[in-house]
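What follows is one structure encoded as structure tokens, with my remarks underneath.
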Amino acid sequence: MKIFLPVRKSLLAGALLLAATACSKSSDPAPAPAPAPATLYSRLGNVDGVSKVVDSFLANVIAESQTSNSSLKRTFNPLLTSGNAQRVTLLRDNLIDQIGQATGGPLVYKGLTMTAAHKGMAITTQEFGVFGVAFTKALTDNGVKDPEKTELLTIITSLQSQVVGQ
């Protein structure tokens, strides 16, 4: 009898451990997965919000390029005076797609690389800054909150080396 007693005790201990483990797993609810953070794209209002910002931005650039001391006339006027509305529409659509993709949305930018798109334009740091002011104004005019503004302007600023001096 004494030979079987240690075996019986270890089997009993193992059974208790198994029962405790099984009970704790079945009575504890699985932790809910953390909700995915909202993308910048969705916080901007999806395609409608991005489109409004781009439309305001283009209006700001056009208005600036028509002033007597314009910083953007040299680079933007050729697009406006070409008489080709399709070029302006293409620019608008590309900007919407590019921002939509860069901010985590489902849009896909199909245009040229920034370096290729600006090749030969010799955009200066000052001009890039004026574009930034026009874009910031568009964000403000469309009620974009400061965290989203900062996030999007950081994305845009990261493109400066691909635009300036090309």
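Observations on the model:
- Contacts under 6 angstrom Cβ, first residue in the stretch 44-72 being under 21 Å from Val144 (Cα atoms) and free of Cβ contacts under 8 Å to residues at least 60 places away in the same chain, partner in a loop (DSSP other than H, G, I, E, B) and of a type outside the set (Val, Ile, Thr), 6 or more apart: Val50/Leu44
- Restricting Thr81, Thr125 to residues that are of a type in the set (Ser, Thr, Tyr) and either out of contact with any strand residue (DSSP E or B) (no Cβ under 9 Å at 6 or more places or on another chain) or surrounded by 12 or more Cβ atoms within 10 Å (Cβ to Cβ) (or both) narrows the list to Thr81.
- When Arg87 is tested against the conditions (1) surrounded by 15 or more Cβ atoms within 10 Å (Cβ to Cβ); (2) among the charged types (D, E, K, R); (3) out of contact with any Gly (no Cβ under 8 Å at 6 or more places or on another chain), the lone failure is (1).
- As a summary of the residue check, Tyr109 satisfies the conditions (1) modelled with pLDDT under 95; (2) more than 21 Å from Ala59 (Cα to Cα); (3) surrounded by 14 or more Cβ atoms within 10 Å (Cβ to Cβ) except for the one numbered (1).
- Residue in the stretch 96-114 that is in a helix (DSSP H, G or I), within 25 Å of the chain's Cα centre (by Cα) and hydroxyl-bearing (Ser, Thr, Tyr) present: no
- Candidate set: the stretch 33-60, residues that are outside any helix (DSSP H, G or I) and of a type outside the set (A, V, I, L, M); chosen: the one farthest from the chain's Cα centre (by Cα): Pro33
The values are calculated or read from the model by the stated rules, or taken from the named source; none is laboratory data. These numbers come from a predicted model, not from an experiment. Because the Cβ atoms are built from the backbone with ideal geometry, glycine has one as well, and the counts that use them run over all protein chains shown.
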